[in-house]
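Novice: One structure is given below, represented as structure tokens, and several questions about it will come after.
The values are calculated or read from the model by the stated rules, or taken from the named source; none is laboratory data. Just so it is clear, the model here is predicted, and its values are computed rather than measured. Virtual Cβ from ideal backbone geometry, glycine too; neighbours counted across all protein chains shown.
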Amino acid sequence: MEDAIKRIQIINRDGYLWKGLLIFQKFIMAFSSILVVGLISYGAAIRYIFEKDFYGMEELVLFIGFWMYFMGGSYGSFSRTHISAEVIPNYIKNKRTQGIVRLIASVCTTLLCFLLTYWGLLLVLWNIQTWPVTPALKIPVVASQGAIALGLVLMSFYTFIYTIEDFRCFKLTGELCTHEEAEITAQKGE
């Protein structure tokens, strides 16, 4: 059983890298969500109850929001819960042909992630060179847009891993396994 799982999975799901990335992502998502809700509530209370202004609140919310959105996006790539428009496989009856179509979609997704990651890294490098800051609080823009690059790197990492595992599962079974079926298929293929 262990050998069959290893033939499909190319990275140890119990290892420090995999679990560490998930802990990091979950922490950033939870912490940033709490901060955004807290900042917006505080800003509303300051403005409408005390009739004062929280100067620069929008900049803080935007900064934290970038981290929340892109860590959420990378977690969506990990859990394979992104929205997809897989209409064609629903009309194909042959499981092998369905698998081939899904493999093509998986490869296209991975290539697109790599392209977007490249652009995200170029954006961060440009921000490091020009060093723009926000108008009110003078927060370096690279601090918030670094979330774009890191989130896209993580999305590319997960989609690349899953694409390779899809190929391995297809090679073993002749069909494409779902995320949950991959481990079961590996256990049966022993």
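Novice: For region 121-135, which positions are assigned to a helix (DSSP H, G or I), of a type in the set (A, V, I, L, M) and more than 16 Å from the chain's Cα centre (by Cα)? Step through it out loud before you land on a result.
Specialist: Within region 121-135, the first condition is being assigned to a helix (DSSP H, G or I), and the residues that meet it are 121-130.
Then keep just the ones that are of a type in the set (A, V, I, L, M); that gives 121-125, 128.
Across region 121-135, the qualifying residues are Leu122, Leu123, Val124, Leu125, Ile128.
Novice: Among residues belonging to region 82-98 that are aliphatic (A, V, I, L, M) and surrounded by 10 or more Cβ atoms within 10 Å (Cβ to Cβ), point out the one that is nearest to the chain's Cα centre (by Cα).
Specialist: Within region 82-98, the match that is nearest to the chain's Cα centre (by Cα) is Ile88.
Novice: Just to be sure before I move on: is Glu58 farther than 30 Å from Ile164 by Cα and not in a helix (DSSP H, G or I) in the structure I sent?
Specialist: Against the criterion (farther than 30 Å from Ile164 by Cα and not in a helix (DSSP H, G or I)), Glu58 does not qualify.
Novice: So if I check each of Gly146, Gly76, Gly151, which one is assigned to a helix (DSSP H, G or I), surrounded by fewer than 19 Cβ atoms within 10 Å (Cβ to Cβ) and of a type outside the set (D, E, K, R)?
Specialist: Criteria check complete, one pass: Gly76.
Novice: Would you check if there is a residue in region 19-29 being over 19 Å from Tyr162 (Cβ atoms), among the aliphatic types (A, V, I, L, M) and surrounded by fewer than 16 Cβ atoms within 10 Å (Cβ to Cβ)?
Specialist: yes
Novice: Moving to a separate point now. Suppose the filter is of a type in the set (Ser, Thr, Tyr) and either closer than 15 Å to Phe70 by Cβ or touching a Ser or Thr at 6+ places or on another chain (Cβ under 8 Å) (or both); does Thr159 pass it?
Specialist: Details: of a type in the set (Ser, Thr, Tyr): yes; either closer than 15 Å to Phe70 by Cβ or touching a Ser or Thr at 6+ places or on another chain (Cβ under 8 Å) (or both): yes.
Taking the combined requirement at face value, the residue satisfies it.
Novice: So, one more: Looking only at region 39-69, count how many residues are closer than 29 Å to Ile148 by Cβ, among the hydroxyl-bearing types (Ser, Thr, Tyr) and exposed (fewer than 14 other Cβ atoms within 10 Å of the Cβ).
Specialist: Residues flagged as closer than 29 Å to Ile148 by Cβ, among the hydroxyl-bearing types (Ser, Thr, Tyr) and exposed (fewer than 14 other Cβ atoms within 10 Å of the Cβ) within region 39-69 amount to 3.
Novice: Which one of Gly43, Gly38, Gly65 is within 28 Å of Tyr158 (Cα to Cα) and at pLDDT 90 or above?
Specialist: None of the other options fit; the residue is Gly65.
Novice: Here is a list of conditions, (1) hydroxyl-bearing (Ser, Thr, Tyr); (2) assigned to a loop (DSSP other than H, G, I, E, B); (3) within 20 Å of the chain's Cα centre (by Cα), and Tyr118 meets all of them except one; can you say which number that is?
Specialist: Among (1) hydroxyl-bearing (Ser, Thr, Tyr); (2) assigned to a loop (DSSP other than H, G, I, E, B); (3) within 20 Å of the chain's Cα centre (by Cα), Tyr118 violates only (2).
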